[in-house]
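The next block holds one structure in the form of structure tokens; read it before the comments.
The values are calculated or read from the model by the stated rules, or taken from the named source; none is laboratory data. Since this is a predicted model, take the numbers as computed values, not measurements. Virtual Cβ from ideal backbone geometry, glycine too; neighbours counted across all protein chains shown. Heads up: the accessible areas ignore ligands, DNA and RNA and are worked out on the full protein's heavy atoms, side chains in. Shrake-Rupley method; radii C 1.70, N 1.55, O 1.52, S 1.80 Å.
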Amino acid sequence: MTDTSHSAPPPMQKAGGNPLTKLLKATEIDTRLLGMLGALLLIWVGFHVYGALFNNGGAFLTPRNLWNLSVQTSSIGIMATGMVLVIVTRNIDLSVGSLIGVTGMAMGILQVDILPNILGIGHWSIWIITTLFGIALGALIGALHGWLIAYRKIPSFIVTLGGLMVWRGMAFIANGGKTISPVDSTFALLGGGPYGAIGSTGSWIVGLLACAGIVFLLISGRAGRRKHDFPLRPLWAEYFLGAVGCGAVIGAVLLVNAYPWPIGIVRAYIRDNGLEADPDTLFISHGFAIPVLILIGVGIVMTILMTRTRFGRYVFAIGGNPEAAALAGINTKMMTTKIFALMGALTGLAAVIASARLNSATNALGTLDELYVIAAAVIGGTSLAGGLGTIYGAILGALVMQSLQSGMVLIGFDASIQRIVVGLVLVLAVYLDNVYNSRRK
């Protein structure tokens with residue numbers, strides 16, 4: 001017998017006549033993500049065109065600048081992934097910039113003044129011990145903040161505002177405000193640079209593995225939907241997502257491989273390795289920088305944590321309704337402590353990258369980073385009302401914020417103008433977040 005219940009298309013299918021609407025519906029692409037990508041593209045093109053017209057040449061959309069931009073985004077992006085959890089649970093952390101300063105200074109003292117006297121100068125384990133120490137110290141301080149917030153019921157704004165001042169002062173006291181430099185040579189590679197990148201071949205390996213991962217996720221996701229009788233995306237939509245994802249990865253590989261080592265470093269490389277080559281014609285690609293790979297790894301782990309584990313479900317439950325979450329048996333106090341400890345650990349990791357990139361530990365390390373981290377999370381779609389946020393959105397938000405800062409530096413805006421623009425962008429992001437939430441409700 002013929003089923004006539006679907007003889008007339010439902011109203012939503014009729015509205016799907018618009019090709020863009022049909023594409024978004026079939027591929028299930030987040031429209032907010034598209035909006036952020038569109039804004040990022042406008043920022044990039046705008047700065048490039050402005051530079052081409054008024055600064056004697058556009059320098060923004062070049063392999064060199066975009067490679068440096070990716071490295072500059074790494075530390076902010078890593079902290080933004082942790083800030084998502086903090087804000088989703090209706091808290092805030094204003095201390096991350098100062099926490100970078102104090103952990104960076106502690107790591108500098110450890111690897112320059114303490115470990116060489118114990119293990120010897122240049123010992124292979126110095127960078128490992130220093131990195132683990134920085135992450136552990138950050139986690140310990142974060143856990144202290146979480147304990148004060150959860151068990152002593154002090155508002156997170158007050159606790160972390162106090163931390164902002166206390167830890168910046170501690171960073172100054174730790175070494176009398178002096179800069180510690182240089183850091184361990186292997187540790188410095190974690191900050192990027194020509195030697196802190198994986199080169200052309202390594203980048204292609206990473207790119208191919210990423211494409212294989214995208215295909216695997218699409219295939220396993222479709223199999224999971226079929227297993228649980230969930231609606232399936234059209235096959236053309238699956239192919240489209242795979243092509244776009246792999247195309248973006250390959251484009252990124254081509255971009256980072258198009259940025260060569262500076263001629264001076266090439267000459268030193270040829271001299272140190274006894275090579276017979278012309279430094280003016282030898283092209284050595286940077287490839288992906290180590291800090292960028294660390295950011296990608298953190299993003300993947302944090303996404304799995306938020307979407308595939310009980311911990312992540314508890315985070316969203318607390319953010320949606322803390323009282324109901326407590327009544328459901330979730331230990332909200334311990335969860336808050338763990339979330340701030342995780343935020344501290346990620347800040348310690350960001351301090352590793354930031355101090356390694358500078359090849360020094362300074363009292364000013366991380367100044368105003370809390371502004372950029374919070375702005376990145378909010379611009380990325382994390383709601384200040386709690387209960388809503390994504391890891392990939394926060395990383396994109398960090399890229400947007402860093403693009404604004406980098407672009408303004410390239411076209412010659414001074415620091416005061418940069419801060420005005422960043423402040424206005426933050427206010428606009430919160431306003432748009434309120435508008436989005438009101439329409440969603």
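Across segment 60-82, a minimum of one residue is classified as open to solvent by 10 Å² or more (accessible area, probe 1.4 Å), without any contact (Cβ under 8 Å) to a residue 60 or more places away in the chain, over 27 Å from Gly177 (Cα atoms) and not charged (D, E, K, R).
Residues that are more than 25 Å from Gly242 (Cα to Cα) and at pLDDT below 85 number at least 1 in the following helices (runs of 4 or more DSSP H) confined to segment 1-57: 11-15, 31-54. Annotation for segment 266-284: no member residue is among the aliphatic types (A, V, I, L, M), open to solvent by less than 70 Å² (accessible area, probe 1.4 Å) and at pLDDT 95 or above.
Going by the structure shown, is Phe240 open to solvent by 60 Å² or more (accessible area, probe 1.4 Å), out of contact with any Gly (no Cβ under 9 Å at 6 or more places or on another chain), in contact (Cβ under 8 Å) with a residue 24 or more places away in the chain and in a helix (DSSP H, G or I)? Considered against the rule, which asks whether it is open to solvent by 60 Å² or more (accessible area, probe 1.4 Å), out of contact with any Gly (no Cβ under 9 Å at 6 or more places or on another chain), in contact (Cβ under 8 Å) with a residue 24 or more places away in the chain and in a helix (DSSP H, G or I), Phe240 comes out as yes. Once segment 285-305 is narrowed to residues that are open to solvent by 40 Å² or more (accessible area, probe 1.4 Å) and touching a residue at least 24 places away in the same chain (Cβ under 8 Å), the residue that is farthest from Arg64 (Cα to Cα) is Thr303. The residue list Ser185, Ser200 contains one member that is open to solvent by 40 Å² or more (accessible area, probe 1.4 Å) and closer than 30 Å to Ser98 by Cα, which is Ser185. Only a single criterion out of (1) among the aliphatic types (A, V, I, L, M); (2) farther than 30 Å from Asp369 by Cβ; (3) at pLDDT below 95; (4) assigned to a helix (DSSP H, G or I) is not satisfied by Leu232, namely (4). All conditions in (1) of a type outside the set (Ser, Thr, Tyr); (2) open to solvent by 30 Å² or more (accessible area, probe 1.4 Å); (3) not in a helix (DSSP H, G or I) hold for Leu365, with the sole exception of (2). Screening Ala394, Ala398, Ala361, Ala354 for residues that are in contact with a strand residue (DSSP E or B) (Cβ under 9 Å, 6 or more places away or on another chain) and closer than 30 Å to Thr130 by Cα leaves exactly one candidate, Ala361. Just a yes or no: is a residue in segment 306-325 assigned to a loop (DSSP other than H, G, I, E, B) and surrounded by fewer than 21 Cβ atoms within 10 Å (Cβ to Cβ)? Yes, that holds for at least one residue.
Condition check ((1) crowded, with 16+ Cβ neighbours inside 10 Å; (2) within 21 Å of Ile304 (Cα to Cα)) across all residues:
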residue	(1), (2)
Ile219	no, yes
Asp229	no, no
Gly245	yes, yes
Ala252	yes, no
Val256	yes, no
Trp261	yes, no
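Considering each residue of segment 286-306 in turn, none proves to be aromatic (Phe, Trp, Tyr) and more than 29 Å from the chain's Cα centre (by Cα).
List, please: which pairs have Cβ atoms under 7 Å, are six or more places apart or on different chains, and start with a residue in segment 249-272 that is touching a residue at least 40 places away in the same chain (Cβ under 8 Å) and end with one that is charged (D, E, K, R)? Filtered contacts from segment 249-272: Tyr259/Arg64.
Looking across segment 127-149, the residues that are crowded, with 22+ Cβ neighbours inside 10 Å and more than 25 Å from Leu115 (Cβ to Cβ) come down to His145, Gly146, Ile149.
Scanning segment 80-117 for residues that are charged (D, E, K, R) and outside any helix (DSSP H, G or I) returns Arg90, Asp93.
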